[in-house]
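The values are calculated or read from the model by the stated rules, or taken from the named source; none is laboratory data. Values in this document were obtained by computation on a predicted structure and should not be read as measured data. Don't worry about glycine lacking a Cβ; one is built from the backbone with ideal geometry, like all the others, and counts go over all protein chains shown.
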Amino acid sequence: MKLKFLLLFFLLFFLLVSCSKDENENKVAEKDIQVTDKQIQLAKQELLWETNINSVVFKRLALNDFKKELQKEDSILIDLRTIGELEETWIIPWAKQIDFYSSDFKSYLNSLDKSNKYLIYCRSGNRSSQTLSLMEELGFKKVLELEWGINNWISSWETITKFSSNNN
């Protein structure tokens, strides 16, 4: 009988001890999480992202999707590279060239018709990603960006051809 009592006592004691943990063990270190606009912008640049609310579209596209959009006749193609970069690599002749580093870049963008659909690209995707965010801030409705820039296209060894005869 004493053995049963001792066994029951130790069992209850064990259950009580194992169920009651130190409060400090249960507390999770809490930190104030503050997300800055810069961090949000960087996250948008790193991820494929899309905003599609009330016909507003800002999207980063893979090469094949970008080429499909080029086939449509409802968009304006913008090359954001510098003149020096244009001289070094492929040029898409029907693209409108706007130097990202020009002093009047933002005002030029702001003068464009914001209701048109724009396809944008640069050399590697950095400037076009920044421009995508800027065009959203300026009130554009539809802007699509080539992920990884024209280098992505060049590295694929696919030729750049004009898809639509209406873009001449």
ask   = Quick one: what pairs do we get from the stretch 50-63, first residue closer than 13 Å to residue 139 by Cβ, second modelled with pLDDT under 55, C-beta under 8 Å, 6+ apart or different chains?
value = 58/49; 58/50; 58/51
task = Would you check which residues across the stretch 67-125 are among the aromatic types (Phe, Trp, Tyr) and at pLDDT 90 or above and list them?
result = 100, 101, 105, 108, 118, 121
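Are there helices (runs of 4 or more DSSP H) fully within the stretch 99-158 with at least 2 residues that are touching a residue at least 60 places away in the same chain (Cβ under 8 Å) and surrounded by 13 or more Cβ atoms within 10 Å (Cβ to Cβ)? List them.
126-137, 149-155
Within the stretch 137-168, which residues are among the small types (Gly, Ala, Ser), modelled with pLDDT of 85 or more and out of contact with any Cys (no Cβ under 9 Å at 6 or more places or on another chain)?
Matches in the stretch 137-168: 139 only.
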query = Within the stretch 78-106, can you find the residues that are closer than 17 Å to residue 129 by Cβ and touching a Leu at 6+ places or on another chain (Cβ under 8 Å)?
reply = 78, 79, 98, 99, 100, 106
ask   = When the stretch 41-66 is examined, which residues are found to be charged (D, E, K, R) and at pLDDT 80 or above?
value = 59, 60, 65
